[in-house]
Amino acid sequence: MKLAKRVHHVSFAVRDLEKSREFYEGILGLAQVERPDIGLPGVWYGAGEGQIHLIQTPSGMSVGAPPERLTPLANHCAFEIDDYEQSVAALKGRGVPVLETRSEMGQLWIQDPDGNVIELIRPR
């Protein structure tokens, strides 16, 4: 029996919900989807067939630490992109630090305001 069929959502704990919204909406271009009241501040986004859930971490609660530096070895999620060079230019134009590979590889990594690692990849 195949238990896991596909990714439903990826959840990130965030400290500053508004700052995170600016990143996920303004930089990545994700659109909000309906979210039930779960008793904690947050926002959900559609991402293809899956979703990204941002949950504001209550003050004083530890949910682990992001990597000390941007690295593809960290736990991360990946979003598909159409154009590698255009994506790199757009991110750098917004002041987002980018860990690049070569254009023919089509992979790059960034971090959200809380240090969560995001991969952007152009499928081959």
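The values are calculated or read from the model by the stated rules, or taken from the named source; none is laboratory data. Computed from a predicted structure; not experimentally measured. All Cβ positions, even for glycine, are placed from backbone atoms using ideal geometry, and neighbour counts span all protein chains on display. Surface accessibility is based on the protein's heavy atoms, side chains included, excluding ligands, DNA and RNA. Shrake-Rupley method; radii C 1.70, N 1.55, O 1.52, S 1.80 Å.
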Can you list residue pairs whose Cβ atoms sit under 8 Å apart, with the first residue in the stretch 53-65 being under 21 Å from Phe23 (Cα atoms) and the second being assigned to a strand (DSSP E or B) and at pLDDT below 85? Count only pairs 6 or more apart in sequence or on different chains. none
Name the residues in the stretch 101-113 that are modelled with pLDDT of 95 or more and of a type in the set (D, E, K, R), would you? Asp112
Name the residue that is nearest to Phe23 (Cα to Cα), counting only residues in the stretch 91-114 that are surrounded by 15 or more Cβ atoms within 10 Å (Cβ to Cβ), touching an Asp or Glu at 6+ places or on another chain (Cβ under 9 Å) and not aromatic (Phe, Trp, Tyr). Pro113
How many of the residues making up the stretch 23-41 are over 14 Å from Ile52 (Cβ atoms) and surrounded by 12 or more Cβ atoms within 10 Å (Cβ to Cβ)? 1
Kindly evaluate Ser11 against the criterion of being of a type in the set (Ser, Thr, Tyr), touching a residue at least 40 places away in the same chain (Cβ under 8 Å), open to solvent by 40 Å² or more (accessible area, probe 1.4 Å) and not in a loop (DSSP other than H, G, I, E, B). yes
Is it true that Glu119 is open to solvent by 50 Å² or more (accessible area, probe 1.4 Å) and either among the acidic types (Asp, Glu) or at pLDDT below 95 (or both)? no
Criterion violated by Lys19 - all others in (1) assigned to a helix (DSSP H, G or I); (2) of a type outside the set (A, V, I, L, M); (3) without any contact (Cβ under 8 Å) to a residue 40 or more places away in the chain satisfied: (3)
Check whether at least one residue in the stretch 77-87 is open to solvent by 50 Å² or more (accessible area, probe 1.4 Å), closer than 21 Å to Val33 by Cβ, of a type outside the set (S, T, N, Q) and modelled with pLDDT of 95 or more, and report yes or no. yes
